[in-house]
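Undergrad: Please read through the structure below; I'll follow up with questions.
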Amino acid sequence: MAQDTQVLIIGDYYDVPRQRLIDQYPCAIYEDAADPAALLAEIAPTCRAIASHAPVTAALMDALPHLGVIANFGVGYDLVDVAAADARGIKVTNTPDVLNDEVADLAVGLMLATCRRMIKADAYVRAGRWAAEGNMAFTQRVWGKRLGLLGMGRIGREIADRCAAFKMAVSYHTRTPKDVPYTYVGDLATLAGDSDILISVVPGTPETAGIISADIMTALGPNGVLINVGRGSAVDEAALIACLADGRLGAAGLDVFADEPRVPAALIEMTENVVLQPHHASATHDTRDAMGQMMIDNIAAHFAGRPLISPVN
Ligand code: NAP
Ligand code: 8YV
């Protein structure tokens with residue numbers, strides 16, 4: 001660690017932009033510290049930025065009196081206590097837009113894999129069951145079905161456009177209607193009841209916590225499919241497990257979970273109708289590189305006194 005550390009790196013993210021950041025500024029790495037409190041005390045006189053993909057608490061902010069910006073690696077900034085940053089005059093930035101297409105691709109892939117049972121089918125071939133038992137059970141159609149989208153922001157719009165190309169009838173629910181060529185539904189339960197597939201791409205906020213409840217899953221129904229690429233906290237996971245187990249909900253494809261990287265054993269055991277992904281919708285080299293560069297560019301803008309590229313507060 002350099003004497004004049006300007007940037008505290010906290011949390012694990014893509015090593016290419018991380019190294020670029022280290023090459024560009026004197027950095028300290030929180031996870032490498034044997035004594036994190038001693039590290040914070042040592043860098044406190046000079047540290048002006050945090051490059052993070054981990055919880056950033058009020059206590060951490062208070063340990064760094066010259067902190068001016070928290071540059072979050074990711075568009076979702078639910079790990080950062082933004083209210084505490086606001087109260088201290090600290091700016092928070094995120095990485096919007098550069099990942100929209102990547103996340104939308106994974107959402108559509110997960111929808112296809114879940115409805116068409118592609119992971120189960122792969123295992124069926126590999127286990128020799130095709131030859132031994134004949135054709136696998138039929139699956140669910142995607143094209144032409146009714147898609148309900150919870151969230152119609154930057155990523156939601158890309159998902160909607162892809163699904164429209166699959167000849168799906170796209171409706172969506174948000175708090176406020178958007179200027180998009182899709183049908184707005186003001187009530188989530190109504191949207192779920194009128195959809196074959198529900199894709200969630202809302203942020204993790206107190207308001208979205210558990211918004212996809214047992215009632216919403218029941219409205220989606222025994223043939224309904226839930227896809228979540230937003231935040232795990234939006235789904236009542238206990239209710240999801242119960243609804244899948246007793247058939248109130250047909251199937252689920254999940255990239256995000258309530259307590260990552262821990263995934264409930266009950267979901268892991270459900271191989272027939274559940275497809276699981278390790279929160280990697282944005283995880284291609286190109287996109288993670290672009291996200292990392294945006295994080296660095298925000299820090300550079302702060303240091304140069306220029307307007308931030310993507311402030312969230
Ligand atoms: P965005 O542009 O801010 O869009 C968020 C959408 O959610 C908006 O349409 C917003 O509309 C809606 N929304 C927010 N709160 C809501 C509520 N309580 N009820 C109903 N709708 C609500 O964000 P984005 O860039 O599309 O990203 C969305 C989220 O995706 C991120 O915050 C992140 O959590 C997640 N994400 C996941 C991955 C992954 O790897 N799986 C990657 C990137 C992002 P209203 O404000 O009108 O309600
Ligand atoms: C992040 C994400 O990269 O941007 C977000 O909000 O969820 C992902 O793109 C992820 O948090 C990193 O693991």
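Undergrad: Quick check: is even one residue across region 294-302 assigned by TED's automatic domain parsing to the domain that holds residue 47, within 16 Å of residue 96 (Cβ to Cβ) and under 19 Å from the mean Cα position of the chain (by Cα)?
TA: Checking region 294-302: at least one residue is assigned by TED's automatic domain parsing to the domain that holds residue 47, within 16 Å of residue 96 (Cβ to Cβ) and under 19 Å from the mean Cα position of the chain (by Cα).
Undergrad: Just give me the residues in region 257-282 being touching a residue at least 24 places away in the same chain (Cβ under 8 Å), open to solvent by 40 Å² or more (accessible area, probe 1.4 Å) and either among the hydrophobic types (A, V, I, L, M, F, W, C) or over 25 Å from residue 226 (Cα atoms) (or both), in sequence order.
TA: Scanning region 257-282 gives a single hit, 258.
Undergrad: Which count do you get for residues in region 146-189 that are surrounded by fewer than 21 Cβ atoms within 10 Å (Cβ to Cβ), assigned to a loop (DSSP other than H, G, I, E, B) and near ligand 1 (Cβ under 9 Å from one of its atoms)?
TA: Number of matching residues: 6.
Undergrad: Considering only residues of region 38-97 that are hydroxyl-bearing (Ser, Thr, Tyr) and crowded, with 21+ Cβ neighbours inside 10 Å, which is nearest to residue 18 (Cα to Cα)?
TA: Here the residue is 52.
The values are calculated or read from the model by the stated rules, or taken from the named source; none is laboratory data. It should be emphasised that the depicted structure is a prediction, and the values quoted were computed from it without experimental measurement. Note that we place each Cβ from the backbone using ideal geometry, even for glycine, and neighbour counts take in every protein chain shown. When the accessible area is computed, the model is the full protein with side chains, heavy atoms only, and any ligands, DNA or RNA have been set aside. Shrake-Rupley method; radii C 1.70, N 1.55, O 1.52, S 1.80 Å.
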